Structures are given as structure tokens and as C-alpha cells.
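One structure below.
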Amino acid sequence: MSRIGRLPVPLPTGVTVELSGQRISAKGPKGQLSGEIPAQVQMRVDGAQVLVERSGDDRITRSMHGLARTLVRNLVEGVTTGFSRTLEINGVGYRVEQKKNYLVFTLGYSHPIFYEVPMGVEARIENPTRLTLTGMDRQALGAAAAKIRSFRAPEPYKGKGIKYSDEVIRRKEGKSGAR
């Protein structure tokens, strides 16, 4: 039995969950989200919790059990509190600014990079080198953060680039000048 999959997903007050086949939708104080659950598992609402049960015991079904439970938990947590991801920009002259629905990155290239913030994700610039993304959908938020990080991934010698705030960059020593 999956240690993650067998745990029930508690429903906080004010959150309602509707099931229709393999589709689940959650409605809460922040809004409404819906998602698709793998066909190998079934869900049922039992009071103030959602239970995820698997149909068989083969390898793929066991792996989908934990995944389905995590997807349901992410929907419930998204409509309740939401998610956030903070990015830090390191490097001389590297910065970000917001113009309408676009983020404009200056990252040492010959041109600025314009990035349109996707629907459902909000960007807040705390200072020119710190960017916080917030949203209800954890997958969309993670995809947006990964796309922004890919504009200039951190390099191991000086640590220049865009990194997650909780990411640790393993530094390299570089060339040694003396023998």
C-alpha cells in the first residue's frame, strides 16, 4: 500500500469537492480548480475528507496511487491558501521590471527578455533582483518559475543567473593560477 496514497486528504471548512468520473473539481475561498486523475485509481468523498483507492496491485497502479492523492491535495491546498515561488537574480546589472502583464529581464544579453505572465499566476517584484510568483495551480506556477529560471540558469563559478530562493548552488573553484 502506498504510504502517501492511503492517507486521506482533509477538506478544510469552506472547501467543496465534486467528483465526476476521473475529473475532480475543488471550490474554495481563493477560487475554483479542476484536474484529471489517473484511470487506475478511484476517489470518494467521506465526510470532510477525500479518499483515494487503487483498483489493482500492479506496479503502475501503485505508482499512480500516490500521484493521484498528491494531485488532489494540491487542488485542495491551492483553493485554500495558494502557492508561491520566489526567484533571486544574481549578477552585476541583472534585474527584472514589470510592464503591464510582462516581466522584462535584463540578464547580460544584447537584448531584454520579455516574458508574459501566464493566466492564473501573479508576479510581484520585491526589489529588482527578487521576484515572487503566486497562484492557485501548483503545476502552472512551477512551469512559469522553471521557464523564468531557464532564461539564465545559475552557473557554478560565480553563481550568476536566476535561481530559486531555496536552491543551493554548488560552487566550483575555477582555474588555479599557481603551480
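The values are calculated or read from the model by the stated rules, or taken from the named source; none is laboratory data. On a predicted model such as this, the values are computed, not experimentally measured, just so you know. Every residue, glycine among them, receives a Cβ derived from its backbone with ideal geometry; neighbour counts consider all protein chains shown. What goes into the accessible areas is simple: the full protein's heavy atoms, side chains included, and nothing from ligands, DNA or RNA. Shrake-Rupley method; radii C 1.70, N 1.55, O 1.52, S 1.80 Å.
Summary table below
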quantity	calculated
Qualifying positions in the stretch 34-43 - under 21 Å from the mean Cα position of the chain (by Cα) and either surrounded by 15 or more Cβ atoms within 10 Å (Cβ to Cβ) or β-branched (Val, Ile, Thr) (or both)	Gly35, Ile37, Pro38
Qualifying positions in the stretch 72-94 - hydrophobic (A, V, I, L, M, F, W, C), assigned to a strand (DSSP E or B) and either more than 30 Å from Gly159 (Cα to Cα) or more than 16 Å from the chain's Cα centre (by Cα) (or both)	Ile89
Close pairs from the stretch 49-65: first over 22 Å from Val15 (Cβ atoms), partner in a helix (DSSP H, G or I) and open to solvent by less than 70 Å² (accessible area, probe 1.4 Å), Cβ under 9 Å, at least 6 apart	Arg54/Thr61; Arg54/Met64; Arg54/His65; Arg54/Ala68; Ser55/Thr61
Scope the stretch 19-33; condition loosely packed, with under 13 Cβ neighbours inside 10 Å and either closer than 11 Å to Val72 by Cα or over 23 Å from the mean Cα position of the chain (by Cα) (or both); matching residues	Ser20, Gly21, Arg23
Complete set of residues in the stretch 6-30 that are assigned to a loop (DSSP other than H, G, I, E, B), over 14 Å from Thr70 (Cα atoms) and of a type in the set (A, V, I, L, M, F, W, C)	Val15
Candidates Leu11, Leu107, Leu51, filtered to the one that is surrounded by 16 or more Cβ atoms within 10 Å (Cβ to Cβ), closer than 17 Å to Lys147 by Cα and not polar (S, T, N, Q)	Leu107
